[in-house]
Amino acid sequence: MKHIYSKKTIQRLYETMLRIRHVEESFVEPILSGTIRCPVHLYVGEEGVAAGTLAHTNKDDIIFGTHRSHGHYLAKGGDMRAMVAEIYGKETGCAKGRGGSMHVVDAKKGMLGAAPIVAGTVSLAVGAALSFKIKKQKNVAIAFFGDGAVGEGVLHEALNFAALNKLPVLFVCENNYYSTHMPLRDTRPYDNIFELGAPHKIAYARASGNDVLKVYDVAGDMIQKCRVGQGPAFIEFLTYRYRGHVGPNDNIQGTQTDIRPKAEVAKWKRNDPIRNLESYIARNKILSRGEQDKILKRVGKEIQNAHAFSQKSRFPDPKTLSDYVFKK
Amino acid sequence: MALNEAIHQMMAEDPSVFLIGQGVKSPWYVGNTATGLLDRFGEARVIDTPVSENAVTGAAVGAAIAGMKPIVEHPRMDFMMYALDPILNEAANWLYMSGGAVNVPLVIWGIINRGGEQAAQHSQALHALFAHIPGLKVVMPSTAYDAKGLMIAAIKDKNPVLYIDDRWLYRVKGNVPKKIYSVPIGKGAVRKKGKDITVVGISYGAHQATLAYDELLKKGISAEIIDPRTVKPLDIPLILESVKKTKRLAVIDTGWKTGGIAGEIIASITEKGFQYLKQAPLRITLPDIPAPMARTLEEEYYRPLSVQSIVATIETMVRKNKK
Ligand SMILES: Cc1ncc(C[n+]2csc(CCOP(=O)(O)OP(=O)(O)O)c2C)c(N)n1
Ligand SMILES: [Mg+2]
């Protein structure tokens, strides 16, 4: 389906991607200086997927994320201050400093959690979809996962179970061609993850994750299918992370473990999701330079405030260690 | 590194030994423990895998059943939970279910890797779970010497052996003989002689107990430090011998309290040697709480395992009862 993009939509996609890009980059310095200590998996380069997909969701739709979910959280409407504070490990964080970067959550916004066990949350999204079906709600659940997660059996079980029960769940594979130190060619015999939809006879597609408008189109169609009872659906987005698997670069105790060819990284950077949208905006004269600057300023301010808020916030009181083991 | 040497030597000696798991071709997960193996033995016997713990572990079990001696490596114990079926339903029961016809000579190497604000899914010490299962042996080295000797013993064993080591011990140096040697599975070691209390430490707990020994001496407490080295089967006779002499028992484990190894050791000693104990034994463990992220909570969470806290806890225990 050919979509028409209102100025508002373009502006929203643009701002969401900028918020993700710049907040991610803002973690680099505090990570290198040791102020932020938890493992942080940056989403830089992959912003188009979260922004384009989640533009179609409302707060009652439910998503689950992975170890690399700052983008999903923000694009779903998660509070930036609470996310940044969480990464600093503060009591004001979205998980009260109990989870850190790998466990961002904003229940009020339908971001019900993220977890680094690879593919660990895929079946949880299936369960959320099951709840929608039972309650006859027109909502959709979305599972985000990487190319690495396709190696886990649970993904395949989840696909079968969701297809069998026609559940409103969208499987979103973010294929960034690496699973830690393993390139896709070392983890899969073929580069054809999207075809996993075929044997289940569900809707499936592959699209560039670095063209946010493509993402918006494809995800929009698939989410609509889920809403009208034609789910589940499966999308593979092709994308790339600019930074290390974990942290700014993969430097493990002085050993450089990033094995990605420099030319490959450079090639992907030429296909940057934000720059791609900026060219579209310029070509079609959608936003003026002034309007773009205003957005950029707003984003910068928001990020600055989030860090200031986080740095001012307190670490959790050790006396509260046993809180939240059980719901009282 | 001791482990690296053990695997090199055993792979050279026995062509049926092979290494399979995540990160074995990169310093990514296992540090230097796999260094040089790929170059020396090739991709057929040093197999880096996709993220597929269940199938990969199952394949290792199957290869063992078919006559190989696999070492299947998991860079974190937490990830091994996807592989519970092949480990505890298949490998653990295979020999028994086949009436002794088919054994499973397999090493399942799981690493405990925690701290650094990694939170609940990247921190867990789950050895007690496996010790619960009949048909599995569980070894947990605390010294470089044992790291090598127990790996060799595990490879040579005709049964599934969980080899569980702690990343916090990877910095510990020690004398490691060049030759191939085994540390017998099921045999503990007395690390320090003492007369006032028997302190059993599991893995990192043994390391910490040994460090606490001098501090305790300064306070007039002579602790006998025992490292069981294997948590299934436990060397209960060794611990009992010690308790007969010291009349007191404390156990340090790096897992949780409830249903853990510390409780198991105390129960066994109480059953067999209640009459020797002059006061209630004590568990020093992590609280029954998931691993938190924030540094303030982490510090509190791991505090029971600090040398300072171990010394204070044992001192309080012994003083309470010194007439
Ligand atoms: C069950 C499990 N096995 C292994 C790991 C270690 N691990 C963390 S992230 C990762 C790679 C994930 O790759 P992918 O799914 O492609 O996500 P990406 O990091 O590329 O976003 C691995 C293997 C884990 N967290 N969980
Ligand atoms: Mg990936």
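The values are calculated or read from the model by the stated rules, or taken from the named source; none is laboratory data. Every value quoted in this text rests on a predicted model; they were computed, and no experiment measured them. Because the Cβ atoms are built from the backbone with ideal geometry, glycine has one as well, and the counts that use them run over all protein chains shown. These area figures cover heavy atoms from the full protein model, side chains too; ligands, DNA and RNA do not enter into them. Shrake-Rupley method; radii C 1.70, N 1.55, O 1.52, S 1.80 Å.
Decide, for the stretch A:7-314, between rounded, prolate and oblate: order the square roots of the alpha carbon gyration tensor eigenvalues as a ≥ b ≥ c, take rounded if a/c falls under 1.5, and otherwise choose prolate if a/b is larger than b/c, else oblate. Taking the square roots of the gyration eigenvalues as a ≥ b ≥ c, the stretch A:7-314 is rounded. Over the C-alpha trace of the stretch A:191-273, radius of gyration and Dmax come out as 16.7, 52 angstrom. Here's how it looks for B:Ile252: its modeled amide H is under 5 Å from those of B:Val200, B:Gly201, B:Ile202, B:Ile284, which are all 5 or more places away or on a different chain. Phi angles of the stretch B:185-199 translate, via the Karplus equation with coefficients 6.51, -1.76, 1.60 and θ = phi - 60°, into HN-Hα couplings of 6, x, 10, x, 9, 8, 7, 9, 8, x, 10, 8, 7, 8, 10 Hz per residue; Gly and Pro are given as x. The charge dipole of chain A, taken about its Cα centre with unit charges on the Cβ atoms of Lys, Arg (+1), Asp and Glu (-1) only, comes to about 1080 debye. Assuming 0.692 mPa s and 37 °C, estimate D for the stretch A:45-167 with Stokes-Einstein, Rh taken as the Kirkwood radius over Cα pairs, in µm²/s. It comes out at roughly 225 µm²/s. Working note: 222 nm ellipticity from helices only, DSSP H runs with n ≥ 4, each -39,500 (n - 2.57), summed and divided by the residues of the protein assembly as shown, gives -11500 deg cm²/dmol to the nearest 500. Among A:Gly52, A:Gly300, A:Gly71, which one shows the highest mean-square fluctuation when chain A is modelled as a Gaussian network with alpha-carbon springs under 10 Å? Evaluated over chain A, the most mobile residue of the options is A:Gly300. Specify whether the C-alpha gyration tensor of the stretch B:1-52 places it in the rounded, prolate or oblate class, a ≥ b ≥ c being the square roots of the eigenvalues: rounded for a/c under 1.5, otherwise prolate if a/b is larger than b/c and oblate if not. In terms of gyration-tensor shape, oblate. Quick one: of the DSSP bridges fully inside chain B, what percent are antiparallel, nearest 5? Restricted to chain B, the bridges split so that about 15 percent are antiparallel. Chains A and B together bury some 3000 Å² of accessible area, summed over both sides, with a 1.4 Å probe. Within the protein assembly as shown, the proportion of Cα pairs with more than 38 Å between them is 39 percent. D by Stokes-Einstein for the stretch B:189-321, Kirkwood Rh over Cα pairs, 37 °C, 0.692 mPa s: 224 µm²/s. Positive end of the dipole of the stretch A:1-146 (Cβ unit charges, origin at the Cα centre): among A:Ile87, A:Tyr5, A:Pro116, the Cα lying farthest that way belongs to A:Tyr5.
Evaluating 6.51 cos²θ - 1.76 cosθ + 1.60 at θ = phi - 60° for every residue in the stretch B:272-289, the Karplus couplings come out as 8, x, 3, 5, 7, 7, 9, 7, 4, x, 9, 9, 10, 9, 7, x, 6, 9 Hz, glycine and proline recorded as x.
Each DSSP beta bridge with both residues in the stretch B:2-169 is either parallel or antiparallel, and the antiparallel ones are about 0%. Name the residues of the stretch A:141-161 whose amide N is less than 19 Å from a point 7 angstrom out from the Cα of A:Glu264 along the C-beta direction? Under 19 Å, as judged by backbone N against the label point of A:Glu264, lie A:146-151 of the stretch A:141-161. The residues of the stretch A:180-222 listed by number as losing at least 40 Å² of accessible area in the complex, against the isolated chain and with a 1.4 Å probe, are A:Thr180, A:His181, A:Met182. In loop segments of the stretch A:259-328 as defined by DSSP, there are no GluC sites (Glu not before Pro) with at most 11 further C-beta atoms inside 10 Å of their C-beta.
Checking the a/c ratio against 1.5 first, then a/b against b/c, what shape does the Cα gyration tensor give for the stretch B:2-169? Note, shape of the stretch B:2-169 comes out rounded. Segment A:Arg275..A:Gln256, full-extension length gain: 4.0 nm, with 0.36 nm per residue of separation and the alpha-carbon distance subtracted. Only Lys, Arg, Asp and Glu carry charge here, each on its Cβ (+1 for the first two, -1 for the last two); on that basis the stretch A:183-261 has a dipole of about 160 debye about its Cα centre. Suppose the chain between A:Lys285 and A:Lys138 were pulled fully straight at 0.36 nm per residue; how much longer would it get relative to their current alpha carbon spacing? That works out to 49.3 nm of additional length. Once you've got the GNM for chain B with C-alpha springs shorter than 10 Å, pick whichever of B:Phe274, B:Phe79, B:Phe130 has the biggest mean-square fluctuation. So, out of B:Phe274, B:Phe79, B:Phe130, the one fluctuating most is B:Phe274. Computed from Cα atoms, the angle from the helix B:236-246 axis to the main principal axis of chain B rounds to 20 degrees. Here r is the Cβ-Cβ distance between B:Phe274 and A:Lys297 and R0 is 60 Å; the resulting FRET efficiency, rounded to 0.05, is 0.20. Once the dipole of the protein assembly as shown is set up with Lys and Arg at +1 and Asp and Glu at -1 on Cβ about the Cα centre, which of A:Pro273, A:Pro318, B:Ser123 lies farthest towards its positive end? Toward the positive end, the furthest listed residue is A:Pro318. Phi-derived couplings, Karplus 6.51 cos²θ - 1.76 cosθ + 1.60 at θ = phi - 60°, listed residue by residue for the stretch A:114-129: 9, 7, x, 5, 4, 6, x, 9, 4, 5, 5, 5, 4, x, 5, 5 Hz, with x used for Gly and Pro. Connecting C-alpha atoms closer than 10 Å in a GNM of chain B, tell me which of B:Lys148, B:Lys219, B:Lys257 has the biggest fluctuation. Fluctuation is largest for B:Lys219.
Using a simple spin-label model with pseudo-atoms 7 Å out from Cα toward Cβ, A:Ser26 and B:Lys193 lie 6.4 nm apart. Using 17 Å as the cut-off for backbone N distance, which residues of the stretch A:78-105 belong to the label zone defined by a point 7 Å from the Cα of A:Thr35 along Cα→Cβ? Output list for this probe position: A:81-93, A:101. Computed over the alpha carbons of the stretch A:54-123, Rg followed by Dmax gives 11.0, 31 Å. Relative contact order of chain A, taken over Cα pairs closer than 8 Å and 6 or more residues apart, is 22 percent. Per residue, the stretch A:7-314 exposes 40 Å² of accessible surface when a 1.4 Å probe is rolled over the protein heavy atoms with every protein chain present. Simple point charges give the picture: +1 on the Cβ of Lys and Arg, -1 on the Cβ of Asp and Glu, and for the stretch B:2-169 a dipole about the Cα centre of about 200 debye.
Pairwise Cα distances in the stretch A:198-328 exceed 25 Å for 60 percent of all pairs. Taking the DSSP beta bridges with both ends in the protein assembly as shown, the antiparallel portion is around 15 percent. Remark on chain B: hydrodynamic radius 20.1 angstrom, per the Kirkwood mean of 1/r across alpha carbon pairs. In this structure, the amide hydrogen of B:Val138, modeled 1.01 Å from its nitrogen in the peptide plane, lies closer than 5 angstrom to those of B:Leu162, B:Val231, B:Lys232, counting only residues at least 5 positions away or on a different chain.
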